[in-house]
Amino acid sequence: MFILIGLFDVWVPKEKIERHIGHGSGIAGTLWVILLATFQAGPLYSAFPVAYLLSKKGASVRNVFIYLGAFSCLKIPMLTFEIGFLGLKFSILRTFFSLLVFVIIGFVMEKYVGKEFKVMEGK
């Protein structure tokens, strides 16, 4: 996983991230980060290096928080198990309300920390 994160850092230019999920990306940027989070696999702690890279490469604060929320509960393998055990109706409702909450949190955090928020480099 961390090798892929390193390759992502090297291969994906900053301009692409800023254009697709940066400050002016709007709803399309939100959909991109939800798709990215949904198709990724792994435990939650593997989402934080990706979120750091997205932030470092110019993703909006809103989209970084939406990515972290979507990664925590909208992965495809998890949804398939949930549908099998709890039913399709429950899974669709939970997914809808979870996404709604994460989008609201993204907007609130963008307002709270500001659009120009940058993650500090470690020493």
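We did not get these values from a lab; they are worked out from the coordinates using the rules stated. Just so you know, these numbers come straight off a predicted model, no measurement behind them. Every residue, glycine among them, receives a Cβ derived from its backbone with ideal geometry; neighbour counts consider all protein chains shown.
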query: Beyond 14 Å, what share of the Cα-Cα pairs of the stretch 1-54 remains, rounded to the nearest whole percent?
result: 56 percent
message: Can you tally the lysine pairs in the chain where the Cα-Cα distance is under 15 Å and the two residues are eight or more apart, or on different chains?
response: 9
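Please give me, ordered by residue number, the chymotrypsin sites (Phe, Trp or Tyr not before Pro) of the stretch 37-118 that lie in loop per DSSP and have at most 13 other Cβ atoms within 10 Å.
Working: sites: Phe39, Tyr45, Tyr52, Phe65, Tyr67, Phe71, Phe81, Phe85, Phe90, Phe96, Phe97, Phe102, Phe107, Tyr112, Phe117; in loops: Phe117.
Here the chymotrypsin sites (Phe, Trp or Tyr not before Pro) that fit, given the DSSP loop and packing criteria, are Phe117.
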- prompt: So what's the angle, to the nearest 10 degrees on a 0 to 90 scale, between helix 26-39 and the longest Cα principal axis of the chain?
  reply: 60 degrees
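Counting other C-beta atoms within 10 Å, and keeping those with at most 14, which DSSP coil GluC sites (Glu not before Pro) do you find in the stretch 26-123? Don't jump to the answer; show the numbers that get you there.
Details: sites: Glu82, Glu110, Glu116, Glu121; in loops: Glu116, Glu121.
For GluC sites (Glu not before Pro) across the stretch 26-123 that sit outside H, G, I, E and B with at most 14 neighbouring Cβ atoms in 10 Å, the list reads Glu116, Glu121.
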message: Which one, Gly114, Cys73, Asn63, projects farthest toward the positive side of the charge dipole computed for the stretch 42-123 from Cβ point charges (K/R +1, D/E -1)?
response: Gly114
query: With all pairs of different alpha carbon atoms counted, what Kirkwood hydrodynamic radius in Å does the chain show?
result: 15.0 Å
query: Using Cα pairs under 8 angstrom and six or more residues apart, how large is the relative contact order of the chain, in percent?
result: 28 percent
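To the nearest 20 debye, what is the magnitude of the charge dipole of the chain about its Cα centre, counting +1 on the Cβ of each Lys and Arg and -1 on the Cβ of each Asp and Glu? Spell out each step's value before the answer.
Working: 13 positive and 7 negative charges, 23 e Å.
With Lys and Arg at +1 and Asp and Glu at -1, about 120 debye.
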